Amino acid sequence: MQDGSGLAKLYPPLNNADFLDQHFQSLPSIIMYGLEDSIVVNGIQYNLPMDPHPYLSPVEVTNICNYVLNAWDNDLGNITINDVKSQLKEYRHINERN
Amino acid sequence: MKNIIVIVIVLSLLSCKEEKKTLPIIGQVEIVDGDTIYHSIPDFKFVNQDSIYIDNASLSEYIYVSDFFFTSCPTICPKVKKQMLRIYDKFENEDKLKLVSHTIDPVRDNVETLKLYSSNLDVSSEKWFFLTGDKNKLLDMADDYFVVAYEDDEVAGGFDHSGKILLVDQNRHIRAFCEGTDPDDVTEFLKDIQHLLDEVKPVVN
């Protein structure tokens, strides 16, 4: 939600999330290609798959990443559009699988 | 003289507002053979997250709040669900109230998926029904709740829909609604729910 708190065990939080801290570099491909596997965030397991967002442009993905990384209490630095582009290219196979 | 009449009318309207609020019956009104026919929720039969059939009779003794969603919705559903959970939490011990969420994507949202969803939301399946069934019947049902819901490959998630939450009384009439994406609107809606509960519950002296 707007405050980054997530919702129960359905949607994990983005604010103060250890997962985000640890998987900083995967954020662009998670947003673009979604997630099938369950993840553990702050000790709670989340099983609901996240759908891909293939209609987003690399610029939009970069903006979302930098917002999430620095919104609320988060202070996780920034990601450049070139990082995002190379990451999306590297994980393109995930998209083909979906 | 005219002004005085207007003032009297305005004052009487204001004084009405002070009294106990009766929620309107929402929707088109028809007069058939002198009888007033109000819009009502038609017959339905869907299955819930416990594989139990839920129909009008299952809800005839309750008032309920209703919404339309799908579990893989990437846009407004999570926001609306947060507000539905707010309603659930506020009225968790209120026996006369149920919550009814209809999926509009029954191909993906089968009983198993809805069960997982409601378990993860940590809510009672006795109080909050997640319904699935025939897709066309579910989409038609949305019409009867004045909710926009249709398949559209052009939009994120594959379905275009509105995030309204509706309040239905024991006579299948819609009595109030709010925008589930707007927390302030939901705050007002919580009051409407309490008004309807006060209306349907006999006063205990």
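The values are calculated or read from the model by the stated rules, or taken from the named source; none is laboratory data. The structure displayed is predicted, hence computed values, not measured ones. Heads up, the Cβs are rebuilt from the backbone with ideal geometry, glycines too, and the neighbour counts pull from every protein chain shown. In case anyone asks, the SASA skips ligands and DNA or RNA and just uses the protein heavy atoms, side chains included. Shrake-Rupley method; radii C 1.70, N 1.55, O 1.52, S 1.80 Å.
For the pair B and A, how large is the buried accessible area, both sides, in square angstrom to the nearest 100, if the probe is 1.4 Å?
1300
Roughly how much of A:M32 is accessible, in Å² to the nearest 10, using a 1.4 Å probe?
20
Treating the beta-carbon of each Lys and Arg as +1 and of each Asp and Glu as -1, no other charges, what is the dipole magnitude of the stretch B:14-126 about its Cα centre, to the nearest 20 debye?
Roughly 560 debye, rounded to the nearest 20.
Short version: what are the Cα gyration tensor semi-axes of chain A, square root of 5 times each eigenvalue, largest first, in whole Å?
Each semi-axis is the square root of five times an eigenvalue, giving 21, 17, 11 Å.
Using only the C-alpha atoms of the stretch B:53-94, find the volume of their convex hull and express it per residue in Å³.
Measuring per residue, one finds 89 Å³ for the Cα hull of the stretch B:53-94.
What full-extension length gain, to one decimal in nm, is calculated for B:L116 and B:I25 as 0.36 nm per residue of separation minus the Cα-Cα distance?
So the extension gain works out to 29.3 nm.
Find the accessible area per residue for the protein assembly as shown; the probe is 1.4 Å, ligands and nucleic acids are left out, and the unit is Å².
55
If A:V59, B:V155, B:V147 are ordered by their accessible area, calculated over protein heavy atoms with a 1.4 Å probe, which sequence runs from highest to lowest?
A:V59, B:V155, B:V147
I'd like the distance separating the alpha-carbon centroids of the stretch B:103-141 and the stretch B:148-176, in whole Å.
After rounding, the separation between the Cα centres reads 14 Å.
On a 0 to 90 degree scale, rounded to 10, what angle separates helix B:2-18 from the longest Cα axis of chain B?
50
Output ³J(HN,Hα) for the stretch A:2-11: one whole-Hz value per residue in order, computed from phi by the Karplus curve 6.51 cos²θ - 1.76 cosθ + 1.60 with θ = phi - 60°, and x for Gly and Pro.
Karplus values, whole Hz, x for Gly and Pro: 4, 8, x, 8, x, 8, 6, 9, 8, 10.
Taking all pairs of distinct Cα atoms, average 1/r, flip it, and tell me the Kirkwood hydrodynamic radius of the protein assembly as shown in Å to one decimal place.
It is 21.8 Å.
For chain A, what does the relative contact order come out to in percent, with C-alpha contacts under 8 Å and a separation of six or more?
26
Take the Cα gyration tensor of the stretch B:42-200, multiply each eigenvalue by 5, square-root it, and list the three semi-axes largest first, rounded to whole angstrom.
That gives 22, 17, 15 Å for the three semi-axes.
Can you tell me the relative contact order of chain B? Whole percent, Cα pairs under 8 Å, sequence separation 6 or more.
Contact order relative to length: 26 percent.
With θ taken as phi - 60° and the coefficients 6.51, -1.76 and 1.60, list the Karplus ³J(HN,Hα) couplings across the stretch A:35-46 in order, rounded to whole Hz; mark glycine and proline as x.
9, 9, 7, 6, 10, 10, 10, 6, x, 10, 8, 10
Using a Gaussian network for chain B with springs between C-alpha atoms less than 10 Å apart, which of these wobbles most: B:Y64, B:Y88, B:Y53?
Highest fluctuation among the options: B:Y53.
Would you pull out the residues with amide H under 5 Å of A:V41's amide H, same chain only if 5 or more places away, H placed 1.01 Å from N?
Long-range HN contacts for A:V41: A:Y46.
Can you list residues from other chains, or at least 5 along the same chain, whose modelled amide H is less than 5 Å from the amide H of B:F70?
Here B:I104 satisfy the definition.
Got a sec? Which residues in the stretch B:165-180 would a label at B:S60 touch, if it sits 7 Å along Cα→Cβ and we count backbone N under 14 Å?
Under cut-off, by backbone N: B:170-172.
So what J values fall out for the stretch B:123-140 if you push phi through Karplus, 6.51 cos²θ - 1.76 cosθ + 1.60 with θ = phi - 60°, rounded to Hz, Gly and Pro as x?
Whole-Hz 3J(HN,Hα) from phi for the stretch B:123-140: 10, 7, 6, 7, 9, 10, 8, 10, 9, 9, x, 5, 4, 5, 5, 5, 5, 4.
Once R0 is set to 30 Å, what does the formula 1/(1 + (r/R0)^6) return for the Cβ-Cβ distance between B:T187 and A:D73, expressed as a FRET efficiency to the nearest 0.05?
0.70
Can you pull the one-decimal nm distance between simple spin-label points at A:K85 and B:D143, each 7 Å off the Cα toward Cβ?
4.9
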